[in-house]
Amino acid sequence: MNTLRLIAACVLLLFVAAPSQAELHFASIFGSNMVLQRGVPVTVWGRAGSGEKLTVRFASEKIETTADANGDWSVTLPPLPASSEGQALNVASQTEALEIRNVLVGELWHACGQSNMAMTVEWMAHELPEVKADIANANLPLIRFCRIHAGPQPEPLKELELSPGWAVCSPKNVTKFSGVSFYFARKLQEKLGVPIGIINTSRGGTPIEPFIPRAAFTSHPTLEKEGELGDREDLEALRRLPGGVYARDANWLPGRLFNSRLAPIMRLPVRGAIWYQGESNSGTQEDPHEYAHKMRALIRGWRDATNNEALPFYFVQLPGSGAGPGWSYLREQQRLATDVPHTGMAVTLDLVGGNIHPPNKIDVGDRLARWALAKDYGQQVTYSGPLFDRQEIDGDHITVHFQHAESGLMVASKQGLEAPQETPDGKLTYFEVADTDGQWHAAEATIDGQTVVVTSPKVTAPIAVRYAYIVSPQHVPLYNREGLPASPFCSKPELLKYDPQLPK
């Protein structure tokens, strides 16, 4: 009798629970106050009862669909023009109706990385008094933010674990927004005059691996081995793997945060992505070798997941403040990853701060926005500082040619939030040349128009040149005349040596 009662109770529970699973809803990324991407088809999806007939309405569009056998439904809105007027997004069945309010159409961006991307405006204000004025003036209702938190998952999720919600930018809530994202969005909104949405999926203290889709751990032996070890959750082997990752728990494993934070929302089209990460791939016992391959895998993986092979991807090169032992090597790896089309690197070496979290995210957001404004929105704006192009060796000196130096180079100094100021009597520092044995020696450097000429009294036959290749360079002097700093570089990266002291 007890067994029969238990069976009956279980059947009753299943019967009671079934209707709730058939309730009509939107996917969790959809919420009031959100921003939809303009100018492209937009997929809207959710769940309903199996076979239910549904009608979706937005703006002047009305689309009918039917939920499949699993209860999944989706429709595709045609490309929409930008709209600063809040509109309703509706879905209705024969028995239920849902409405998402105050939806704008404009430009939508992903923001991801670790703690320097997660660092909030409030955090910035503790160290930069100027930020308090920006908070007070943050009544910017055309800027919207969505923050996604989720733990690691071994397989890609179809749905976010929790509904993240969308916030309208105001003095009251801007303090909780990512500082980089806020200043990036504010710059875009000011220049474009359309709504800007940011989806922030960053997590502090994490390496690049958990954000790379598991399917993208290919095309390089280290990536393939990381994928295999991650599948086995072999943290010790990952730590010992040359070029691997110092995995502390599941949050460090390949693909695990992509699975929970990004996979469920990749159907929602965005204009592009901004990325600030690298600290947790280049600290103590962390190996920055192969980071360029990991960056390429990250970008390729996100592009595959969004079905957008040209998804713009702009990232931050690590600054000089609070640097770990492998940062100089990792900065060069980041520079090498700029060979991927439709990417850009914001150089931040001149943004001095006291620790691993320099508070000046104003210039970081501005420099990322410059890439987007120039490359995606066709605006005439300088978007990059000098990037190494090639070297020419003539006897005992090397002439360095740069991209993004058409108007010439200058020695300059940046103080705080002020624009860099030219110092005509200043000297170029942080240049070195390598001799025929691959040994590096301090060098003297002078600007010659669009180039830099480098020599060392100790080297009569130099073979390579590098700039700012130290752990924590301070007050780097080389800029283009538009006031953007040169990236650190090595003309022959194969000469760079770094021993990460992996765990035994």
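The values are calculated or read from the model by the stated rules, or taken from the named source; none is laboratory data. Treat the numbers as computed from the prediction; the structure is a model and nothing was measured. Backbone-built Cβ (ideal geometry, glycine too); neighbour counts: all protein chains shown.
Right, TRP371: under 18 Å from ILE208 (Cα atoms) and buried (at least 18 other Cβ atoms within 10 Å of the Cβ) or not? Against the criterion (under 18 Å from ILE208 (Cα atoms) and buried (at least 18 other Cβ atoms within 10 Å of the Cβ)), TRP371 does not qualify.
For segment 150-185, taking the residues that are surrounded by fewer than 23 Cβ atoms within 10 Å (Cβ to Cβ) and β-branched (Val, Ile, Thr), the one that is farthest from ALA82 (Cα to Cα) is identified as THR175. Whether a residue is at pLDDT 95 or above, of a type outside the set (Lys, Arg) and in a helix (DSSP H, G or I) was assessed, and ASN102 does not pass this test. In the set (1) touching a residue at least 40 places away in the same chain (Cβ under 8 Å); (2) within 22 Å of the chain's Cα centre (by Cα); (3) at negative phi, the condition left unmet by GLY227 is number (1).
Within segment 283-304, does at least one residue satisfy the condition of being touching a Cys at 6+ places or on another chain (Cβ under 7 Å) and either farther than 22 Å from LEU349 by Cβ or not in a helix (DSSP H, G or I) (or both)? No: segment 283-304 contains no residue that is touching a Cys at 6+ places or on another chain (Cβ under 7 Å) and either farther than 22 Å from LEU349 by Cβ or not in a helix (DSSP H, G or I) (or both). The requirement of being closer than 20 Å to TRP109 by Cβ, in contact with a strand residue (DSSP E or B) (Cβ under 6 Å, 6 or more places away or on another chain) and part of a loop (DSSP other than H, G, I, E, B) is satisfied by SER202.
Can you tell me which residues in segment 230-240 are surrounded by 20 or more Cβ atoms within 10 Å (Cβ to Cβ) and in contact (Cβ under 8 Å) with a residue 60 or more places away in the chain? Residue satisfying the conditions is ARG239 alone. When VAL465 is tested against (1) more than 23 Å from PRO325 (Cα to Cα); (2) in a strand (DSSP E or B), just one condition goes unmet, and that condition is (1). Could you list, in sequence order, the residues of segment 297-320 that are out of contact with any strand residue (DSSP E or B) (no Cβ under 8 Å at 6 or more places or on another chain) and either crowded, with 21+ Cβ neighbours inside 10 Å or aliphatic (A, V, I, L, M) (or both)? Residues satisfying the conditions are ALA297, GLY301, ALA305, ALA310, LEU318, PRO319, GLY320.
If you scan segment 62-75, which residues turn out to be surrounded by 13 or more Cβ atoms within 10 Å (Cβ to Cβ) and either farther than 24 Å from GLU159 by Cα or hydroxyl-bearing (Ser, Thr, Tyr) (or both)? Within segment 62-75, THR65, SER74 qualify. Can you name the residue in segment 231-258 that is assigned to a helix (DSSP H, G or I) and touching a helix residue (DSSP H, G or I) at 6+ places or on another chain (Cβ under 7 Å) and is also nearest to GLN285 (Cα to Cα) among such residues? Taking the candidates together, the pick is LEU238.
Yes/no matrix, rows are residues, columns are (1) exposed (fewer than 15 other Cβ atoms within 10 Å of the Cβ); (2) touching a residue at least 12 places away in the same chain (Cβ under 8 Å); (3) in the same structural domain as ILE470 (by TED's automatic domain parsing):
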{"residue": "PHE402", "(1), (2), (3)": "no, yes, yes"}
{"residue": "SER407", "(1), (2), (3)": "yes, yes, yes"}
{"residue": "VAL411", "(1), (2), (3)": "no, yes, yes"}
{"residue": "GLY416", "(1), (2), (3)": "yes, yes, yes"}
{"residue": "PRO420", "(1), (2), (3)": "no, yes, yes"}
{"residue": "LEU428", "(1), (2), (3)": "no, yes, yes"}
{"residue": "ASP435", "(1), (2), (3)": "no, yes, yes"}
{"residue": "GLN439", "(1), (2), (3)": "yes, no, yes"}
{"residue": "THR446", "(1), (2), (3)": "yes, yes, yes"}
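Scanning segment 150-162 turns up no residue that is within 23 Å of the chain's Cα centre (by Cα) and free of Cβ contacts under 8 Å to residues at least 40 places away in the same chain.
Go through (1) touching a strand residue (DSSP E or B) at 6+ places or on another chain (Cβ under 7 Å); (2) farther than 30 Å from GLY51 by Cβ; (3) of a type outside the set (Gly, Ala, Ser) for ASN90 and report which single condition fails. Exception for ASN90: condition (2).
Looking only at segment 22-61, count every residue that is buried (at least 18 other Cβ atoms within 10 Å of the Cβ), of a type outside the set (D, E, K, R) and in a strand (DSSP E or B) and tell me the total. Within segment 22-61, residues that are buried (at least 18 other Cβ atoms within 10 Å of the Cβ), of a type outside the set (D, E, K, R) and in a strand (DSSP E or B) number 11. Restricting segment 210-219 to residues that are in contact with a Gly (Cβ under 9 Å, 6 or more places away or on another chain) and part of a loop (DSSP other than H, G, I, E, B) leaves a set whose member that is farthest from ALA292 (Cα to Cα) is PRO213.
Could you list, in sequence order, all residues of segment 129-149 that are part of a loop (DSSP other than H, G, I, E, B) and surrounded by fewer than 19 Cβ atoms within 10 Å (Cβ to Cβ)? Can you show your working first?
First, pick out the residues of segment 129-149 that are part of a loop (DSSP other than H, G, I, E, B): 129, 137-139, 148-149.
Of everything in segment 129-149, those that are part of a loop (DSSP other than H, G, I, E, B) and surrounded by fewer than 19 Cβ atoms within 10 Å (Cβ to Cβ) turn out to be PRO129, ASN137, ASN139, HIS149.
Among the residues of segment 305-348, the ones that are within 28 Å of ASN480 (Cα to Cα), outside any loop (DSSP other than H, G, I, E, B) and not hydroxyl-bearing (Ser, Thr, Tyr) come to 16 in all. Look at (1) touching a helix residue (DSSP H, G or I) at 6+ places or on another chain (Cβ under 8 Å); (2) under 30 Å from TRP45 (Cβ atoms); (3) surrounded by 23 or more Cβ atoms within 10 Å (Cβ to Cβ) and you find that VAL103 fails only one, number (1).
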